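Asker: Before we start, here is the structure in question, set down as structure tokens.
The values are calculated or read from the model by the stated rules, or taken from the named source; none is laboratory data. Model, not experiment: these values are computed from the prediction. Ideal geometry is used to build each Cβ from the backbone, glycine not excepted, and the neighbour counts take in all protein chains shown. The protein model used for the area step is the full one, side chains on, heavy atoms only, and it has no ligands, DNA or RNA in it. Shrake-Rupley method; radii C 1.70, N 1.55, O 1.52, S 1.80 Å.
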Amino acid sequence: MDKSMAQSRRYDKSLAMHQRAIASIPMGTQTLSKASISLVQGAGPLFLQSGHGAHVVDVDGNRFVDYVLGLLPIVLGYTDPDVDAAVREQLDRGVSFSLATPLEADLADRLIRLIPCAEMVRYGKNGSDVTTAAIRLARAYTGRDEVAVLGYHGWHDWYIGTTPRNAGVPEAVKRLTHAVPYNDADALEDLLRRRGDKLAAVILEPSSKTPPLPGYLQRLRELTQRHGVLLVFDEIITGFRIGMGGAQAYYGVTPDLACFGKAMANGLPLSTLVGRADIMRDMDKIFFSTTFGGEALSLAAAIATIDKLERENGPERMWRLGERLIAAVNGALSRHGLANQISMGGEGWWPRLTLHPQGAASAEVLGALLRQELAERGILFSASFNLCLAQDDPAVEAETLAAFDGAAAVLREALAGPDPRSALRGPLVAPGFSVR
Ligand SMILES: Cc1ncc(COP(=O)(O)O)c(C=O)c1O
């Protein structure tokens with residue numbers, strides 16, 4: 001038995017808090033994906049109370065290396081000293097003001113220097129603020145109403161109407177958005193041929209679960225240009241992870257507009273729409289205005305985060321860490337004879353789990369068993385290695401790989417038995433909503 005198994009973790013306070021929370025908060029949380037990180041009831045934490053560097057501590061006092069990272073905003077590490085110092089300094093000066101602050105242009109200078117398409121910049125709080133701003137701006141600029149989407153773009157009507165979770169979205173709104181498969185340029189070409197003169201924008205995650213096929217983004221650039229449709233990159237996940245200039249710099253394809261959020265302020269709420277000046281100037285014609293758009297703590301945090309990521313060569317180090325984790329985890333899965341059922345794929349910047357169901361070992365059961373056994377060994381994991389710089393530490397890497405090795409040993413045993421579900425420590429939690 002590996003050492004980390006010596007004492008079984010308990011989640012009594014988490015479970016009690018969950019009962020309390022669901023009485024007053026629908027789903028018990030503000031973010032749907034956070035409701036189902038632990039797929040087995042009672043076999044993982046439900047509430048966290050603190051985080052430092054690569055680690056978080058739950059309300060029962062269990063400590064984990066966190067590979068969820070708040071769903072990707074944490075890019076340096078929890079309570080990063082440089083970011084927190086910048087935030088504290090700003091806190092002493094004030095948070096929200098009656099006029100703009102110089103921080104807005106200080107951050108804009110950095111974004112314009114780093115991101116190829118960024119000639120002008122606006123801020124929001126959530127990713128959805130700026131994807132919606134991009135679509136409204138594209139509609140105003142082109143005078144067209146329809147949009148094509150390829151990925152996840154937030155909770156607002158124009159996008160979420162294309163998903164199974166579309167209750168409350170009017171049919172008239174749904175009809176304006178076309179969901180197109182990723183990495184299939186022919187499908188987009190076909191849509192453009194049929195609806196090109198009605199389309200304002202094509203918005204896509206330039207890289208996601210799988211990277212773009214060679215030439216795919218270039219072809220999208222050509223096709224959209226040919227039809228006078230704006231190309232919008234949703235870089236809310238790729239931004240400041242795949243590289244400092246986003247996927248557009250990495251793949252050498254410059255969109256007209258791009259959306260960033262999540263990692264840009266190491267956990268403080270900030271997003272940005274950037275793009276070509278001639279388009280961004282049409283912001284004067286549309287309405288995109290929020291009380292907290294210029295909130296100062298997040299802007300100070302973003303400046304400190306971006307400066308540190310550049311100084312520390314952040315994206316490159318995270319790529320290398322991710323590549324090491326992919327190789328080592330796949331090695332452990334092979335050693336335990338699990339390579340045909342579970343594998344780690346994706347690219348170094350965002351390694352992702354692939355589950356290959358077989359019989360009773362459905363993808364749901366495989367994923368639940370893996371998360372359960374990783375949590376037992378001090379690893380908070382969902383479906384990907386969400387990376388931050390604080391994880392680039394030999395001790396954290398060793399802790400992670402020991403946990404995967406121990407978890408794989410348990411899975412091997414569970415899968416060898418008549419019903420792998422008997423190894424689950426509690427009932428399965430209904431899976432969240434997935435668009436990838
Ligand atoms: C690619 C992408 N776009 C947009 C969003 C929406 O961002 P937010 O949840 O901050 O509104 C997300 C959130 O997960 C995302 O991953």
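Asker: Can you find a residue that is within 16 Å of the ligand (Cβ to nearest atom), open to solvent by less than 10 Å² (accessible area, probe 1.4 Å) and assigned by TED's automatic domain parsing to the domain that holds ALA133 anywhere in the range 225-232?
Answerer: yes
Asker: Okay, next question. Restricting to the range 339-364, count the residues that are open to solvent by less than 30 Å² (accessible area, probe 1.4 Å), in contact (Cβ under 8 Å) with a residue 60 or more places away in the chain and under 14 Å from LEU411 (Cβ atoms).
Answerer: The number of residues fulfilling the criteria is 2.
Asker: Restricting the first residue to the range 180-194 and requiring it to be under 16 Å from LYS209 (Cα atoms), which pairs with a second residue that is of a type in the set (D, E, K, R) and at pLDDT 95 or above meet a Cβ separation below 8 Å and a spacing of at least six or different chains?
Answerer: Short answer, once both residue conditions are applied: TYR182/GLU205.
Asker: State yes or no: is GLY239 within 30 Å of LEU91 (Cα to Cα) and open to solvent by less than 10 Å² (accessible area, probe 1.4 Å)?
Answerer: Answer is yes for this residue.
Asker: Sticking with this one: Please determine whether any residue of the range 38-51 is crowded, with 17+ Cβ neighbours inside 10 Å, over 20 Å from the mean Cα position of the chain (by Cα) and over 28 Å from ARG421 (Cα atoms).
Answerer: No: zero hits.
Asker: What number of residues within the range 23-45 satisfy the criterion of being among the polar types (S, T, N, Q) and more than 16 Å from the ligand (Cβ to nearest atom)?
Answerer: 3
Asker: Can I ask one more? Count, please, the residues in the range 345-362 that happen to be in contact with a Leu (Cβ under 6 Å, 6 or more places away or on another chain) and among the aliphatic types (A, V, I, L, M).
Answerer: Qualifying residue count for the region: 2.
Asker: Could you say whether any residue in the range 49-71 is assigned by TED's automatic domain parsing to the domain that holds LEU374, at pLDDT below 95 and within 16 Å of the ligand (Cβ to nearest atom)?
Answerer: No; the residues of the range 49-71 include none that is assigned by TED's automatic domain parsing to the domain that holds LEU374, at pLDDT below 95 and within 16 Å of the ligand (Cβ to nearest atom).
Asker: Further question: So which residues in the range 207-219 are outside any loop (DSSP other than H, G, I, E, B) and within 16 Å of the ligand (Cβ to nearest atom), if there are any at all?
Answerer: The one that is outside any loop (DSSP other than H, G, I, E, B) and within 16 Å of the ligand (Cβ to nearest atom): LEU217.
Asker: May I ask you to verify whether ALA247 is open to solvent by 30 Å² or more (accessible area, probe 1.4 Å), within 16 Å of the ligand (Cβ to nearest atom) and within 19 Å of TYR152 (Cα to Cα)? Lay out the reasoning, then the answer.
Answerer: Numbers: open to solvent by 30 Å² or more (accessible area, probe 1.4 Å): no; within 16 Å of the ligand (Cβ to nearest atom): yes; within 19 Å of TYR152 (Cα to Cα): yes.
The answer is no for ALA247.
Asker: With within 16 Å of the ligand (Cβ to nearest atom), assigned to a loop (DSSP other than H, G, I, E, B) and of a type in the set (A, V, I, L, M) as the only criterion, which of ILE236, ILE203 stands out?
Answerer: None of the others qualify; the one that does is ILE236.
Asker: Give just the number: which of (1) open to solvent by less than 10 Å² (accessible area, probe 1.4 Å); (2) basic (Lys, Arg); (3) away from the ligand (no atom under 16 Å from the Cβ) does ARG193 not satisfy?
Answerer: Result: ARG193 passes all but (1).
Asker: Any idea which of THR142, THR132, THR177, THR101 is at negative phi and either at pLDDT below 95 or touching a His at 6+ places or on another chain (Cβ under 9 Å) (or both)? Write out each step before concluding.
Answerer: Working: THR142 fails: either at pLDDT below 95 or touching a His at 6+ places or on another chain (Cβ under 9 Å) (or both); THR177 fails: either at pLDDT below 95 or touching a His at 6+ places or on another chain (Cβ under 9 Å) (or both); THR101 fails: either at pLDDT below 95 or touching a His at 6+ places or on another chain (Cβ under 9 Å) (or both).
Answer to the selection: THR132.
Asker: Has the range 119-128 got any residue that is more than 26 Å from the chain's Cα centre (by Cα) and acidic (Asp, Glu)? If you could, list the steps in order and put the result at the bottom.
Answerer: Within the range 119-128, the first condition is being more than 26 Å from the chain's Cα centre (by Cα), and the residues that meet it are none.
So far as the range 119-128 goes, no, none of its residues is more than 26 Å from the chain's Cα centre (by Cα) and acidic (Asp, Glu).
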